[in-house]
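Written below as structure tokens is the structure these notes are about.
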Amino acid sequence: MNTISSNIRGRTGRVSTTLFAAFVCLFNAHPSPGQTTSTEPLQTIIPVRLDASTGDISVGSTTYKGANPGFHVLALSRQPNKLDAPDLVWDKTYTNGTDAITALVSIRTTYPDALLMVNAVGNLGSLWPTI
């Protein structure tokens, strides 16, 4: 009888320990308010629309005005303060290919991690210089 009783007590102790460990894991798995859950960046999908008639570029709910004819160059930060509209770092329209290339080189130097969009509309001929 003593061996059966000690066997049951041993099993009960192991089950109690296992349940306690599971409870501690579950409790620690749920962050408290204000606690960061991950070091991974927050990811979201933001719709982008390029208007082929006006040169406008729409990002989320914000529309950046372009021109027809023109090269609308838009650069946004990859680390936005608001998820629905990334931070603007460049928004200009060019009617000359040399100026557009100069702007692209400047953006690459100043904001190497920027998200870059170009909407080229209208008949500008072959204004792109060779690099």
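Just so you know, all these numbers are worked out from the coordinates, no wet-lab data involved. What you are looking at is a predicted structure, and each value in this text was computed from that prediction instead of being measured. FYI the Cβ positions are ideal-geometry reconstructions off the backbone, even for glycines, and counts take in every protein chain you see.
Assorted remarks:
- Peptides 103-113, 49-59, 64-74, ordered by how many other C-beta atoms sit within 10 Å of their residues on average, highest first, read 64-74, 49-59, 103-113.
- Cβ-Cβ distance of Val105 and Ser61, R₀ of 35 Å, FRET efficiency by 1/(1 + (r/R0)^6): the value works out to about 0.70.
- Seen through its C-alpha gyration tensor, with square-root eigenvalues sorted a ≥ b ≥ c, region 48-121 comes out oblate because a/c lies at 1.5 or above while a/b is not bigger than b/c.
- Inter-label distance for Asn96 and Arg49, nm, one decimal - labels placed 7 Å from Cα along Cα-to-Cβ: 3.3 nm
- Charge tally around Leu50: other residues with Cβ under 15 Å, Lys/Arg +1 each, Asp/Glu -1 each, net -1.
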